[in-house]
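Heads up, the thing below is written out as structure tokens.
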Amino acid sequence: MSNFTFLNPFAVLDEPGTYMGDFFSNNFAKKAQAGNVILNLGPQHPSTHGVLRVIVELYGEYVLRSEPILGYLHRSHEKMAEHKTAYGFLPNMGRVDYLNAIGWNWAYTAACEQLAGIEPPERAEYLRVIAAELNRIASHLVWWGAFVLDLGAFTPILYAFDDREWICDILQRVTGSRLTMNYFRFGGVGADGDDRFFSLIREFIPLMRERLKMYKALVTDNVILRRRLEGIGPMDADLCLRYGATGPLVRAAGVPRDVRKSVPYGIYDRFDYNIPVSPVNDNFGRYWVRMEEISESLKIVEQAVERIPPGKIIVDKAPKPAWKLPPGESVYSVEGARGEICVHVISDGGKSPYRVKLRAPGFSNLSVFAEAAQGTILADAIAILGSLDLVIPEIDR
Amino acid sequence: MEISGISILSLVTIIVACLLVIALMVVNALVMVYVERKGSGFIQRRPGPYEVGPWGTIQAACDAMKLLAKELFVPANVDFFLYFLAPVLAFLPVLALFIPIPFGPFLTTLKVPDGVVLILAFAGFGLLANLLAGYASNNKYGILGAGRAVSQGVAYEIPMILALLAVVFQTGSMNLSEIVEAQGSAPWRWNFLCQPIAFFIYLVTLVAETNRAPFDLPEGESELTAGFHTEYSGMGFALFFLAEYANMLLVSFVCATFFLGGYKGPILDGFWWTFIKAYAVMWFIVWIRWTFPRVRFDQLLNINWKWLLPLSILNLWITAVVIKIV
């Protein structure tokens, strides 16, 4: 019956016991100081981009405390892995993080290949790099648009999607899909790139470089944007490392950690590119790192398209759908768009893996938020949340 | 024959003019919704509405019909009287604001001697409506938006008044018709050239006063969902929407009157010049909305108290000194 009091329009909200919050908000409210407002941002809120819920304690407009609450988009991907064959679990990888499907493809495929001792052929390695870097650019473009949208500029997101359309068109030619891409196979990739695929990439690279110049002039150098970003939400290296944050967050904090350079996987050691490390660790640092990464990824794609050798794209006698993983375990890390993606596969030699652990970078990155947002204005807290580049399905898995 | 000092003829004129102004406000809202959507489409490199009617022209009317037909959802524990009063209060006072506006040489509802005072006095009602809407709707986003609306509105009214006062000093009259008459037909004889600082301050404050981006903090979509009108649906929302466009129209007309020579133009003076100028200002407001990010609230107040207010006082002082000397 107590649930009814909330719906009763004549109930007085301040009376104890009449307002029925859920466990999280009640628990959060216990520590609140008298007179402060507890505000529930989400699960449906324009700037949480998905179904993230953040409870904040406000004094005026200052955020005193905050607590992200997860699990609204939990789809039990890890449990699904225990019921599907190793091959059958491949399509799930495109759905863990809808913006960076190729990164997850790579982490899972490579973990299984490592366990089974399969070496993909040369051409497949190049195709993997091209797909992964293009996907990284697409992911950063969406982040850029959505982040600037959080700051109140409506137009850049449509420009970003305009460019992302190119990448979708390119990747569609090899992966067959535009969003939840399932491209990698054990021992290679699913399809070879045709002439149109490569000519589209060659067209796209100079176009994207021109667009980056325009983005800089239109958005990055805008005085309002600079004022909204510079000096807001500093996260030093200590904070990032304590919470296990990875990716652009930790590089903006001055730590040159990128799996592509520190533990080179695939053929990343053959390309000439830099890891952008920001001198400032505020919102603008994270913004700058991601924008630089787009141009660095373009460099890698350019080199890969030039050097790609002819040959097979998948090993002979590649694993069939009913393929069983050999017993043992393996861990594989790749650098996704949001940070370090790590997949831990344990197999007992049965039909399906015994356990698959997916380490999502967004999860660790989000845990930094509560500490970073403390004492900021609500609008800045939203900006910090946006600068973390969260994809909620990836966090909840 | 007179009723409390006003002749029957002018009373009829006022009533007819008020009806015309209501029609203007509604038509303007429809036109501006279309212009805004097509304009934003143009800026964002997409077609905008194109399905309903030729080039999507009936889209705005269809949206209005949808809002009329929508259910009015009233959340629990609202202050019923204030909740329903707020949208009406946002919309109705704008009507009175159009009374002193000289649309054309003969197209003026009433040549009010203190027209500036009338406009500035009634403009405050919109603020009150926003406050009541946020306060009455029993929503934390609403109350935050209402608080922002009040401090922003109060802050930006002062430099706005001071900017308009500089023109009033120069003309020596508070009558809007006389202010237009004091300006010449040629563009270089309009007030924006001899009062550039006042014109600039007015352009900034008119965006803030109408709660438009980049100063749309009372609505502040990314943090406050919809701010003070979060809990309004159907016609409640539509009235706020209508009031926003009516306010935009008003500040644009005031801008045209004070700074851009009103109904005077290079060729053939007439009401068409007022409308051309006002809609040019409106397009300016639309343009910056789709280009700039939103400022933060403390930055917004800093711009006002630290820059615009001293600048407008300085401008007023300079104007006074120059008038004394010349």
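Each value in this text was obtained by applying a stated rule to the coordinates, not by laboratory testing. As the structure is a computational prediction, the values presented were derived from the model and not from experiment. Here the Cβ positions follow ideal geometry from the backbone for every residue, glycine too, while neighbour counts run over all protein chains shown.
Among the listed pairs B:Lys38/B:Lys66; A:Lys213/B:Lys306; B:Lys277/B:Lys324, those with a Cα-Cα distance over 22 Å are A:Lys213/B:Lys306; B:Lys277/B:Lys324. All other residues whose Cβ lies under 13 angstrom from that of A:Arg307 are scored, Lys and Arg at +1 and Asp and Glu at -1, for a net of -2.
3J(HN,Hα) along the stretch A:368-375: 6, 4, 4, 6, 6, 8, 4, x Hz, from the Karplus curve 6.51 cos²θ - 1.76 cosθ + 1.60 with θ = phi - 60°, whole Hz, x for Gly and Pro. Between the helical axis of A:122-150 and the longest alpha-carbon principal axis of chain A there is an angle of about 20 degrees. Count Lys and Arg as plus one, Asp and Glu as minus one, and take only other residues whose Cβ is under 14 Å from that of A:Glu165; the net charge is then +2. Which loop chymotrypsin sites (Phe, Trp or Tyr not before Pro) in the stretch A:225-279, with loop taken from DSSP, have no more than 15 other Cβ atoms within 10 angstrom of their Cβ? Of the chymotrypsin sites (Phe, Trp or Tyr not before Pro), not one in the loops of the stretch A:225-279 has a Cβ with at most 15 other Cβ atoms within 10 Å. Compared with the dominant principal axis of the Cα atoms in chain A, helix A:378-387 is inclined by about 10°.
Grab the eigenvalues of the alpha-carbon gyration tensor for chain B, scale each by 5, take roots, and send me the semi-axes largest first in whole angstrom. Kindly include the intermediate steps, with their values, before the conclusion.
Values: eigenvalues 197, 114, 92 Å².
Square roots of five times the eigenvalues give 31, 24, 21 Å.
Once C-alpha pairs closer than 8 Å and six or more residues apart are averaged by separation and normalised to the residue number of the stretch A:294-346, the relative contact order reads 22 percent. Annotation for the stretch B:241-289 versus the stretch A:65-90: alpha-carbon center distance of 56 Å. 3J(HN,Hα) along the stretch A:68-84, derived from phi through the Karplus expression 6.51 cos²θ - 1.76 cosθ + 1.60 where θ = phi - 60°, amounts to x, 10, 10, x, 6, 10, 6, 10, 6, 4, 5, 6, 4, 4, 7, 10, 10 Hz, with x in place of Gly and Pro.
Can you list the aspartates and glutamates whose alpha carbon sits under 12 Å from that of B:Lys111, skipping same-chain ones fewer than 8 residues off? List returned: B:Glu178.
Loop-located trypsin sites (Lys or Arg not before Pro) in the stretch B:18-104 (DSSP state other than H, G, I, E, B) with a sparse environment of at most 14 neighbouring Cβ atoms within 10 Å: B:Arg45, B:Lys70. Sites counted here are GluC sites (Glu not before Pro) in a DSSP loop (not H, G, I, E or B) having no more than 16 other Cβ atoms within 10 Å; the longest part of chain B that contains none of them is B:72-326. Helical runs assigned H by DSSP (4 residues or longer) give the protein assembly as shown a calculated mean residue ellipticity at 222 nm of -17500 deg cm²/dmol, each run adding -39500 (n - 2.57) before division by the residue total.
Quick test of the membrane-span-like rule: which DSSP H helices of chain B reach at least 20 Å along their long axis (C-alpha atoms) with mean Kyte hydropathy at least 1.6?
Values: long enough: B:8-43 (50 Å, 2.04); B:115-136 (32 Å, 2.00); B:140-171 (46 Å, 1.03); B:234-259 (37 Å, 1.67); B:271-289 (27 Å, 1.15); B:309-325 (24 Å, 1.88).
Flagged H segments are B:8-43, B:115-136, B:234-259, B:309-325.
Report relative contact order for chain A in percent, whole number only (criteria: Cα-Cα under 8 Å, sequence separation at least 6).
Working: 737 pairs, mean separation 98.2, N = 397.
With pairs under 8 Å counted, the relative contact order is 25 percent.
Please state the relative contact order of chain B as a whole percent: Cα pairs under 8 Å, 6+ residues apart? Don't jump to the answer; show the numbers that get you there.
Numbers: 497 pairs, mean separation 74.8, N = 326.
Over chain B, the number comes to 23 percent.
Beyond 21 Å in Cα-Cα separation lie the following of the pairs A:Lys79/A:Lys261; A:Lys30/B:Lys140; A:Lys84/A:Lys357: A:Lys79/A:Lys261.
For chymotrypsin sites (Phe, Trp or Tyr not before Pro), the sites in the stretch B:52-145 that DSSP calls loop and that have at most 11 other Cβ atoms within 10 Å are B:Phe73, B:Phe106.
May I ask for the net charge around A:Ile377, where only other residues with Cβ less than 10 Å from the Cβ of A:Ile377 are counted and Lys, Arg are +1 while Asp, Glu are -1? Walk me through the numbers on the way to the answer.
Details: positive: B:Arg296; negative: A:Glu61, A:Asp380, B:Glu223, B:Asp298.
That sum, taken over residues with Cβ under 10 Å, equals -3.
For chain A, the longest principal axis of the Cα atoms and the long axis of helix A:283-307 meet at an angle of about 10 degrees.
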